[in-house]
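These notes concern the structure reproduced below.
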Amino acid sequence: MISLTLYYVLMAICGLGSVVAVFLAIVERDMLKAVLFSAIQSTLYAFLYYLLMAPDIVLTYIPVSVGLYPAVILFLIKKTERFEDVEMKKGVLWATGLLSLVFVIATAAVIAGKGIGPVPPPDVRFLAGWYLATTFNPRVHLISAMAPEGVTSIVWDYRGLDTVFETAVLFLAIIASVALMRGVEHKGVYDELKHGMTLIGKTITKIVVPLIIGVGISIALHGHLTPGGGFQGGSALAVAPLLVLVVFSKYFFDKVKFTKTKALAIRSSGLLGVGLTAFAVLIAAIFLHKPAYILQNQPRVGAPLGFPWKGIDGVLLGGSLLSFNACEAMAVCAGFVILFLLLSIPERYVRSVVVGGEEHEH
Amino acid sequence: MMSLENEVLLFITIVIPIFLAAFIMYIVRALKGPTIPDIVLAVDCLSYDLAAFLALLSIYFRSPILIPCAIVLALWIYALDVYVSKYLMKKEMGE
Amino acid sequence: MDPVTNWVLVILGEILVSIGVFFDVVAAIGMLRFPNFFVRLHAATIGAIGGAFVPLMGVALIAAGCDFLGKYRWFIAGAAAVTGVLVLMLAPVGSHLLAKAAHESRAAVVEPKVVDFLEEDKAKEGGEQ
């Protein structure tokens, strides 16, 4: 039983540490420090999710919250200001701390006293059993998603429409940023010595970037077999160009002629792939004069067509999930690259363009 | 004679509290600061040690599927170093 | 593999993990007790190389010897070794970039200081310009 106690102690320390980190992040005046406190919280949460046996969430959480989120906030700090000019009053600070402490203790007491019933509730357990029985089960092919990874099957098969809408939301956000920054074009000549960071950093980044790309691609393309998936893979992949952008400078992208337009093209073809996969079975069914659904993966009652789920030698293909994951990863990665290329334009230049435009209008 | 499995599990059970003590000290340093490089350094060390700990735990839980988390943690914490030092050095991210 | 090889691999791995845990605790104490950033860098080196690379290699050996994990133990062993090599490459570079940034932006004081050539060079460059 000693191991179970240890397990709870580990989780308690992670939970406590992350609560303190979040509290410090909220009351801190220096935004840069606040970002770092939230990174501590993310690391501890990743460990917590690992202890709860949710590697899918760890694989998404670390690239997004350690790799992407601090970068986004740092870009924003660069664009605005590092220090908040209003300091929190001592009384408010103490009250906030006391309130969060009371909240933590009260929640723990309620859960320990079975105040919200058995955790997890019995009806959720039934749902979990149902998912486990149907995600990969060749005997009940007509109701099965035929992919062994439960989370990816749920995301793209059981509730595929939601995921398509989520992709659309991200697409709109990127479109908005491109629209906001139209007319701001900045090019420069890459200088090995002047731009970017030290030679040591550049050399090791050259080694690490292919590794990150490899991990990202494997997360994306293995999403139907092991923890991972399209969004996870895409956000993991996006960290590679972001590292190049930060370590080698923006002008390196000008040197290798990778422009915003090319990233937009990759992004659009990824989205087109998601769309085509969603309609693929329907289009085939129209030619074969058979009924079918939009977003159909496997054959269903009354709709006999479906994606192949088994390749040569019994390799599992996961039906439409493989294609969805690959296209989504392309779209997400290229979307983030566009965003960071736009945000990395030096602030003095952006300001000169914006202010100059206003003066021209007046 | 103890079986191999029991021996390994016992060893890991003994090691976990020692790792835990180290983690607590790193977390305290990370929360205390005082300067920004201090926090980043403590988070760095915490993450690298956490990666080793996660690899050990995946033997303990007997689930090889958990091991990719360790690679991901080690790869991406480097990105945090790079961002923060870039900001401190140049006050600009893309140059 | 025969049981003897398994035992040898597991014991070797456990020795490495024990060494790693020792370094880990030492580095953590140093991290907590050392006075400022540039002194704490030393503790960070021990924490990253001694406290992460060495135990990761140990985990790889233990996993290779644990035949109760089945065929997938090679997956754990390989991934742990790859993680170890990554830590070996990334941790020093991360510390280097951080130290350079801290020195350049003066976010941390250089204390105790015998000589600081970087500072002198910078002052010289500034004087010439």
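The values are calculated or read from the model by the stated rules, or taken from the named source; none is laboratory data. Everything numeric here is computed off the predicted structure, so don't read it as measured data. Cβ: placed from backbone, ideal geometry, glycine included. Neighbour counts: every protein chain shown. Keep in mind that these areas ignore ligands, DNA and RNA; they rest on the heavy atoms of the full protein, side chains included. Shrake-Rupley method; radii C 1.70, N 1.55, O 1.52, S 1.80 Å.
Residues that are in contact (Cβ under 8 Å) with a residue 12 or more places away in the chain, under 27 Å from the mean Cα position of the chain (by Cα) and closer than 23 Å to A:H222 by Cβ do not occur anywhere in the range A:340-360.
Of these, C:K113, C:K71, C:K124, which one is under 25 Å from the mean Cα position of the chain (by Cα), among the basic types (K, R) and open to solvent by 60 Å² or more (accessible area, probe 1.4 Å)? Within the list C:K113, C:K71, C:K124, the selection yields C:K113. Considering B:G94, B:G33, the condition of being surrounded by fewer than 21 Cβ atoms within 10 Å (Cβ to Cβ) and either under 30 Å from A:F340 (Cβ atoms) or at the interface with another protein chain (Cβ under 7 Å from one of its Cβ atoms) (or both) is satisfied by B:G33 alone. For A:V301, state whether it is assigned by TED's automatic domain parsing to the domain that holds A:I213 and open to solvent by 60 Å² or more (accessible area, probe 1.4 Å). In short, yes.
The sole residue among A:V315, A:V350, A:V355, A:V332 that is of a type in the set (V, I, T), within 30 Å of A:V189 (Cα to Cα) and open to solvent by 50 Å² or more (accessible area, probe 1.4 Å) is A:V355. Across the range A:204-227, the qualifying residues are those that are away from chain C (no Cβ under 14 Å) and assigned to a loop (DSSP other than H, G, I, E, B), and the one among them that is nearest to B:W76 (Cα to Cα) is A:G223. Of all the listed residues (B:L20, B:L9, B:L46), the sole one being open to solvent by 10 Å² or more (accessible area, probe 1.4 Å), under 17 Å from C:V25 (Cβ atoms) and in contact with a helix residue (DSSP H, G or I) (Cβ under 7 Å, 6 or more places away or on another chain) is B:L20.
If you go through the range C:63-72 and pick out every residue that is at the interface with chain B (Cβ under 8 Å from one of its Cβ atoms) and without any contact (Cβ under 8 Å) to a residue 60 or more places away in the chain, you end up with 4. Which number in (1) more than 30 Å from C:V109 (Cα to Cα); (2) open to solvent by 60 Å² or more (accessible area, probe 1.4 Å); (3) facing chain B (nearest Cβ under 8 Å); (4) of a type outside the set (G, A, S) marks the one condition that C:V21 misses? So C:V21 meets the others, but not (2). Condition check for A:L99 on (1) surrounded by 10 or more Cβ atoms within 10 Å (Cβ to Cβ); (2) in contact with a helix residue (DSSP H, G or I) (Cβ under 7 Å, 6 or more places away or on another chain): one failure, at (2). Of everything listed in (1) touching a His at 6+ places or on another chain (Cβ under 7 Å); (2) of a type outside the set (D, E); (3) exposed (fewer than 10 other Cβ atoms within 10 Å of the Cβ), the single unmet condition for A:T152 is (3).
The set of residues in the range A:20-55 that are in contact (Cβ under 8 Å) with a residue 24 or more places away in the chain, in a helix (DSSP H, G or I), more than 15 Å from A:G67 (Cα to Cα) and of a type outside the set (A, V, I, L, M) comprises A:F23, A:F47, A:P55. A count restricted to the range A:91-125 and to residues that are over 32 Å from the mean Cα position of the chain (by Cα) and among the aromatic types (F, W, Y) stands at 1. Taking the conditions exactly as written (assigned to a helix (DSSP H, G or I), over 20 Å from A:P70 (Cα atoms), of a type outside the set (S, T, N, Q) and touching an Asp or Glu at 6+ places or on another chain (Cβ under 6 Å)), does B:F53 satisfy them or not? Against the criterion (assigned to a helix (DSSP H, G or I), over 20 Å from A:P70 (Cα atoms), of a type outside the set (S, T, N, Q) and touching an Asp or Glu at 6+ places or on another chain (Cβ under 6 Å)), B:F53 does not qualify. Looking at the structure I just gave you, is A:V332 aliphatic (A, V, I, L, M), at pLDDT 90 or above and in contact with a helix residue (DSSP H, G or I) (Cβ under 9 Å, 6 or more places away or on another chain)? Here the answer is yes, as A:V332 does meet what is asked. For the range C:86-110, a residue qualifies if it is among the aliphatic types (A, V, I, L, M), open to solvent by less than 70 Å² (accessible area, probe 1.4 Å) and at pLDDT 85 or above, and the qualifying residues are C:L86, C:V87, C:M89, C:L90, C:A91, C:V93, C:L97, C:L98, C:A99, C:A101, C:A102.
Looking at the structure I just gave you, is C:V21 in contact (Cβ under 8 Å) with a residue 12 or more places away in the chain and outside any helix (DSSP H, G or I)? Taking the combined requirement at face value, the residue does not satisfy it. Which residues, taken from the range B:60-78, are open to solvent by less than 30 Å² (accessible area, probe 1.4 Å), farther than 10 Å from C:A80 by Cα and facing chain C (nearest Cβ under 7 Å)? If the condition is that a residue be open to solvent by less than 30 Å² (accessible area, probe 1.4 Å), farther than 10 Å from C:A80 by Cα and facing chain C (nearest Cβ under 7 Å), then B:P64, B:A74, B:L75, B:Y78 are the ones that fit. Checking each residue in the range A:203-217 for being of a type outside the set (V, I, T) and surrounded by fewer than 16 Cβ atoms within 10 Å (Cβ to Cβ) picks out A:K206, A:P210, A:G214.
Residues of the range B:79-91 that are of a type in the set (K, R), at negative phi and open to solvent by 10 Å² or more (accessible area, probe 1.4 Å): B:K90 alone.
In this structure, does A:F253 turn out to be more than 20 Å from A:I154 (Cα to Cα), within 24 Å of the chain's Cα centre (by Cα) and not in a helix (DSSP H, G or I)? Taking the combined requirement at face value, the residue does not satisfy it. Among the residues of the range A:61-109, those identified as among the basic types (K, R) and either in a loop (DSSP other than H, G, I, E, B) or in contact with a strand residue (DSSP E or B) (Cβ under 9 Å, 6 or more places away or on another chain) (or both) are A:R82, A:K89. Residues that are among the hydroxyl-bearing types (S, T, Y), in contact with a helix residue (DSSP H, G or I) (Cβ under 8 Å, 6 or more places away or on another chain), under 22 Å from B:A79 (Cβ atoms) and open to solvent by 30 Å² or more (accessible area, probe 1.4 Å): does the range A:181-194 have at least one? Yes. Pairs are defined by a Cβ separation below 7 Å, a sequence spacing of at least 6 or placement on different chains, a first member in the range A:66-81 that is closer than 20 Å to A:R29 by Cβ, and a second member that is modelled with pLDDT of 85 or more and surrounded by fewer than 19 Cβ atoms within 10 Å (Cβ to Cβ); the pairs so defined are A:I77/A:M31.
Being assigned to a helix (DSSP H, G or I), over 19 Å from the mean Cα position of the chain (by Cα) and within 14 Å of chain C (Cβ to nearest Cβ) is the requirement here; does A:G201 meet it? Step through it out loud before you land on a result.
On the way: assigned to a helix (DSSP H, G or I): yes; over 19 Å from the mean Cα position of the chain (by Cα): yes; within 14 Å of chain C (Cβ to nearest Cβ): yes.
Spelling it out, A:G201 is indeed assigned to a helix (DSSP H, G or I), over 19 Å from the mean Cα position of the chain (by Cα) and within 14 Å of chain C (Cβ to nearest Cβ).
This table checks each residue for (1) touching a residue at least 24 places away in the same chain (Cβ under 8 Å); (2) within 8 Å of chain B (Cβ to nearest Cβ); (3) in a helix (DSSP H, G or I).
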site: C:L32; (1), (2), (3): no, yes, yes
site: C:H42; (1), (2), (3): no, no, yes
site: C:G47; (1), (2), (3): yes, yes, yes
site: C:A52; (1), (2), (3): yes, yes, yes
site: C:L61; (1), (2), (3): yes, no, yes
site: C:V87; (1), (2), (3): yes, yes, yes
site: C:L90; (1), (2), (3): no, yes, yes
site: C:K113; (1), (2), (3): no, no, no
site: C:G126; (1), (2), (3): no, no, yes
